[in-house]
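**Q** I am attaching a structure below and will ask some questions about it afterwards.
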Amino acid sequence: MSSTTAALDLATIQQLERDHQPPLYAKREIALVRGEGAYLFDSDGQRYLDAMSNYGVAVLGHADPEFAAALTDQLQTLTTGHQSFYSDVRAALLREIAGIAPEGMPRFFLSNSGAEAIEAALKFARAATGRPKIVAAKRGYHGRTLGALAATADPKYRAPFEPLGLPVTHVAFGDIDPLAAALDDETAAVILEPVQGEGGIYPASDDYLQAVRRLTKESGALLIVDEVQSGFRTGAPFAISHAGVVPDLLATAKGLANGFPIGLTIATEAVAGDLAPGTHGTTFGGNPLACRAALATLTILRERDLYARVTQLGDEIVARIEALQSPKVRQVRGRGFMIGIELKGRVTPTLRALQQQGVLALPAGPVTLRLLPPMIWEAAQVDELLAALTEVLA
Ligand SMILES: Cc1ncc(COP(=O)(O)O)c(C=O)c1O
């Protein structure tokens, strides 16, 4: 245990964060200090079932021994390395990504976060088409850097920073007519989440995604899918594959390296095969430690067949929540381990009650309770979740 943190009790931790961080986050009162498998522990030793993976990140849960061993080995070998040099670990990761990338998408740009993966996609789309405009979806969320923010729909995030440089039109999600009307010969790309996350967990229908693909092709615009949140947790590496659609660009992050900061933008050869050196880049992106973390994560997900488990347990969770027939629940939506429970009232009291029952979940908008469990959950964790939900939704 680190001697630098051993002395910090909850009150001290809270005070230091309050004093020194900009007050940008509505904090939940506990301090998370340790994790083990599907469980998190706070500074008082209280155990919680992790039903959030820290916003979809910890797909392998916490302190996975195989993951920890891979990172330890890499820390003792080589941590940093710029992309202007070749790297064995980066090459091995690129080979692993090639095994899961949609067919016809062989170019992988490595960065450090979801927003960065989106920024790269937006820049690549503009570079490839020479067109300025973007069409995005209402309720869509793409991050808080200025380009990603312009594509994000909610005025709460955008308004303080307008005017935003990128011309973006937001159209209703799931309805093809307004999208068709918004496309013109200046549109560089349409950007969509195949399962909207922050907006409230809304999976797009296969028909809609296929129609978007058709329309973008006809108009000469590119299709960017944002799988920063949906990546890895819907029963396949990428949710877009369920619709049989191949986009031009795909951005992912969160679960890719099980908590090590990383971003990945996947592109077709036509979009990214000829990008001029220097048109985009990042110091930390593609460093050996991040690459090893992603390589270990993807290998473990594949070898333990966790994609199939998520499909089976995700369906079971949805069915069992519906079977509760709770008067507090309006609708249960989702795919795999990306589940939203839309409530008839505000979500905060229910989240607080769940926390008191020893379960950590998330909101997605004001009325939807969001579950993003680690992909290592087994039947016992599903039972534990349902026992807590039975109490709080009664
Ligand atoms: C769909 C989606 N896109 C982009 C982002 C931005 O990712 P980051 O917070 O890593 O910048 C998020 C984060 O929640 C997201 O859910």
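A short reminder: the numbers here are calculations on the coordinates, not readings from a lab. Only a predicted model underlies this, so the values are computations on that prediction, with no experimental measurement involved. Here the Cβ is made from the backbone with ideal geometry for all residues, glycine too, and neighbour counts use every protein chain on show.
**Q** Whole-Hz Karplus ³J(HN,Hα) for the stretch 310-317, in order, using 6.51 cos²θ - 1.76 cosθ + 1.60 and θ = phi - 60°, x for Gly and Pro?
**A** Calculated HN-Hα couplings, in order: 5, 4, 5, 6, x, 4, 5, 4 Hz.
**Q** Any chance you could run the full-extension gain for Q331 through E17? It's 0.36 nm times the residue separation minus the Cα-Cα distance, nm to one decimal.
**A** 109.4 nm
**Q** Can you pull the Rg over Rh of the chain, Cα-only, Kirkwood?
**A** Working: Rg = 20.9 Å, Rh = 21.8 Å.
Rounded to two decimals, Rg/Rh equals 0.96.
**Q** May I ask you to derive the FRET efficiency for A379 and R352 from their Cβ-Cβ distance with R0 = 35 Å, giving the value to the nearest 0.05?
**A** Values: r = 27 Å, r/R0 = 0.77.
With a Förster radius of 35 Å, E is 0.85.
**Q** Okay, moving on. Enumerate the calculated ³J(HN,Hα) couplings along the stretch 199-209 in order (Karplus 6.51 cos²θ - 1.76 cosθ + 1.60, θ = phi - 60°), each rounded to whole Hz, writing x wherever the residue is Gly or Pro.
**A** Computed from phi, the couplings for the stretch 199-209 are x, x, 6, 10, x, 6, 6, 4, 4, 4, 5 Hz.
**Q** OK, next. By counting other Cβ atoms within 10 Å of each Cβ, how are H170, H82 ranked from fewest to most?
**A** Starting with the residue having the fewest Cβ neighbours, the order is H82, H170.
**Q** Oh, and also: Describe numerically, in nm with one decimal, the distance between label points set 7 Å from Cα along Cα→Cβ at E29 and at T145.
**A** Simple spin-label model gives 3.7 nm for this pair.
**Q** Take the Cβ-Cβ distance between D88 and R304 as r, set R0 to 25 Å, and report the resulting FRET efficiency rounded to the nearest 0.05.
**A** Given R0 = 25 Å and the Cβ-Cβ separation, E is 0.55.
**Q** Turning to a different aspect of this structure: Count the lysine pairs in the chain that are 8 or more places apart or on different chains: how many have C-alpha atoms under 30 angstrom apart?
**A** 24
**Q** Going by how many other Cβ atoms sit within 10 Å of their own, how do K254, K328 line up, fewest first?
**A** K328, K254
**Q** Now a separate question. Quick one: length gained pulling T283 to L75 fully straight, 0.36 nm per residue minus the C-alpha distance?
**A** Between T283 and L75, full extension yields an extra 73.1 nm.
**Q** Separate question: Based on the mean of other beta carbon atoms within 10 Å per residue, what is the order of 241-252, 273-284, 186-197, most packed first?
**A** Those peptides, ordered most packed to least, come out 186-197, 241-252, 273-284.
**Q** Further question: Which order do S230, S326 fall in if you start with the one that has the fewest other Cβ atoms within 10 Å?
**A** Starting with the residue having the fewest Cβ neighbours, the order is S326, S230.
**Q** Using 0.36 nm per residue of separation minus the Cα-Cα distance, give me the extension gain between D207 and L324 in nm, one decimal.
**A** Working: separation 117, 0.36 × 117 = 42.12 nm, distance 3.04 nm.
Extra length available between D207 and L324 comes to 39.1 nm.
**Q** Whole-Å semi-axes of the stretch 42-167's equivalent ellipsoid, largest first, each the root of 5 times a Cα gyration tensor eigenvalue?
**A** So the equivalent ellipsoid measures 32, 25, 14 Å along its semi-axes.
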